[in-house]
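A short worksheet on the structure shown next.
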Amino acid sequence: MPTKRRVIPIVEKPAEKPAEKQTRVFYDCAKCPGYCCTYALIEVGKRDIARLARHFGVSPEEVERRFTKYDSGAKVRTLRHRKDEHFGQACRFLDAEKRRCTVYEARPGVCRAYPEGKRCGYYDFLKFEREHQGDEKYVATT
Ligand code: SF4
Ligand code: SF4
């Protein structure tokens, strides 16, 4: 499983595919507590900031100031975080109770692209732990 300094790098957003051509995936974000939203660095670029600005009806500068910060160690701009009861910290846009993104339509490119394959490592782990515990709501921490 990922270590503490988890980073979602910026990647090109794959072109949208027609629904009938989308390949099957083996994870279900609707049943997950949003583990990937608790990564320490969720990198955002200008396009992400502009999208969020349109979503909130504010300037890009305001989005940058209110919702992002510059991480001098990683040298990237990242979404701000808040405390999280399960994982220690989470993206400030993650609804702490529903475990859902509150800016889903305007979420950054990294969030759209993740996990970039048919499988999500955390979801496989979560499924295994839930089966093992006999609790379909169990929140597995790493
Ligand atoms: S991509 Fe994986 S970790 Fe992220 S919400 Fe979906 S199942 Fe959970
Ligand atoms: S913007 Fe939404 S999808 Fe992206 S990390 Fe934050 S809560 Fe998760």
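Here are some notes:
- Within the range 101-117, the residues that satisfy the criterion of being exposed (fewer than 15 other Cβ atoms within 10 Å of the Cβ) and assigned to a loop (DSSP other than H, G, I, E, B) are Thr102, Glu116, Gly117.
- Figure legend. Inter-residue proximity from the range 87-115: first residues under 20 Å from Val63 (Cα atoms) and modelled with pLDDT of 95 or more, second residues within 11 Å of ligand 1 (Cβ to nearest atom) and among the aliphatic types (A, V, I, L, M), beta-carbon distance below 7 Å, spacing 6+ or different chains. Indicated pairs: Cys101/Leu94; Val110/Ile8.
- Residue list for the range 23-41, restricted to those being touching an Asp or Glu at 6+ places or on another chain (Cβ under 8 Å) and loosely packed, with under 13 Cβ neighbours inside 10 Å: Phe26
- Residues that are buried (at least 19 other Cβ atoms within 10 Å of the Cβ), of a type outside the set (S, T, N, Q) and assigned to a strand (DSSP E or B), drawn from the range 42-75: Ile42, Glu43
- So Ile49, is it in contact (Cβ under 8 Å) with a residue 12 or more places away in the chain and over 30 Å from Glu136 (Cβ atoms): yes
- Matching residues in the range 131-142 - criterion: being under 15 Å from Gly34 (Cβ atoms) and free of Cβ contacts under 8 Å to residues at least 24 places away in the same chain: Lys137, Tyr138, Ala140
- The range 118-140: number of residues that are in a loop (DSSP other than H, G, I, E, B) and closer than 17 Å to Ala30 by Cα: 9
- Qualifying residue in the range 78-86 (condition: surrounded by 19 or more Cβ atoms within 10 Å (Cβ to Cβ), within 11 Å of ligand 1 (Cβ to nearest atom) and at negative phi): no
- Among the residues making up the range 24-45, those that are more than 15 Å from Thr141 (Cα to Cα) and among the aromatic types (Phe, Trp, Tyr) are Phe26, Tyr27.
- Test: residue in the range 16-34 that is touching a Phe, Trp or Tyr at 6+ places or on another chain (Cβ under 6 Å), over 12 Å from Arg112 (Cα atoms) and at pLDDT below 95: no
- Filter result (farther than 24 Å from Arg54 by Cα and not in a loop (DSSP other than H, G, I, E, B)) within the range 78-100: Lys83, Asp84, Gly88, Gln89
The values are calculated or read from the model by the stated rules, or taken from the named source; none is laboratory data. Being a predicted model, the structure only gives us computed values, none of them experimental. Virtual Cβ from ideal backbone geometry, glycine too; neighbours counted across all protein chains shown.
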